[in-house]
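Report on the structure given below.
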Amino acid sequence: MTDATTPLGASASRLEVLASIQDLDIRLSQIAHRIEHLPERQMLDDVVREMAAVARRGRELDAEITALERKQRAHEDEVALVEARRSHNSERLYDSHLTSPKEAEALTAEAAALERRQIQIEDVILELMEQIEPLSESRTELAERAEDAARRHDDTETRIAQAVSHAAEERDEVLGARAELVASVPAELIALYDERRIAARGELAVGRLVGLTCSACHLEIPAVDRDRISRLDRDEVVDCPQCGALLVR
Ligand SMILES: [Zn+2]
């Protein structure tokens, strides 16, 4: 079976086109697989989870800060009351002709008590401010993280959209080439391919004979079958004795 004995133009097997169609079908499933398993999809899932966690922590911090600030305001209001009371007190104290010595003594004692109270409350306010400060810093950092995550989210979405669009172009090219191949051979040959492909259940339906090896299973054709196969017309349908693929030779 050499080209010298084959009529010109008939040197390639009609079955060769089925191997080429299969090559294109493999490319189509590779494109689909690539799009389905884009690493960016995992990245997007991760960043969405990160954004949710950051938002949750943000709400917790907001609640903590709000509660502390509410306490701080309540204490500040109390300081204002104590200050008002103290200034009223000193006015009465210095308005000496209105006060008896006993009254002055009572006012002085009250002034001292009010001052102690004010110092106490101001200490509490300072403590509250010290508690709020690191929380506010964390809140700022968290807001930056949220912004960064949102940016990564958008970038990743853009990259996915680009990959999907490139893949769609590539798929259309492959489908175009496939349609040309399909149109170039008789329908019964395509029917044969479709039938074999269904029967192959995801395995290769067509194998090329490369040397002594079937390209579908990468096994050598047993010596006992080689002579029989080599005597057959190349357009005749024959299966790989190892894997059952349609053998193109
Ligand atoms: Zn095989």
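Observations on the structure shown:
For (1) more than 16 Å from the ligand (Cβ to nearest atom); (2) in the same structural domain as ALA52 (by TED's automatic domain parsing); (3) more than 17 Å from SER20 (Cβ to Cβ), each residue gets a yes or a no:
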position: GLU141; (1), (2), (3): yes, yes, yes
position: GLU157; (1), (2), (3): yes, yes, yes
position: VAL164; (1), (2), (3): yes, yes, yes
position: VAL206; (1), (2), (3): no, no, no
position: ARG231; (1), (2), (3): yes, no, yes
position: ASP239; (1), (2), (3): no, no, yes
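- Subset of segment 141-182 [polar (S, T, N, Q) and surrounded by 12 or more Cβ atoms within 10 Å (Cβ to Cβ)]: THR156
- Test result for ILE190, among the hydrophobic types (A, V, I, L, M, F, W, C), within 16 Å of the ligand (Cβ to nearest atom) and assigned to a helix (DSSP H, G or I): no
- Residue among GLU105, GLU137, GLU78 that alone is at pLDDT 95 or above and surrounded by fewer than 15 Cβ atoms within 10 Å (Cβ to Cβ): GLU137
- Residues located in segment 208-229, provided they are out of contact with any Lys or Arg (no Cβ under 6 Å at 6 or more places or on another chain), over 21 Å from ARG27 (Cβ atoms) and near the ligand (Cβ under 10 Å from one of its atoms): THR213, LEU219, GLU220, ILE221
The values are calculated or read from the model by the stated rules, or taken from the named source; none is laboratory data. Note that the coordinates shown come from a computational prediction; the quantities given were computed from them, not determined experimentally. Cβ sites come from the backbone with ideal geometry, for glycine too, and all protein chains shown count toward neighbours.
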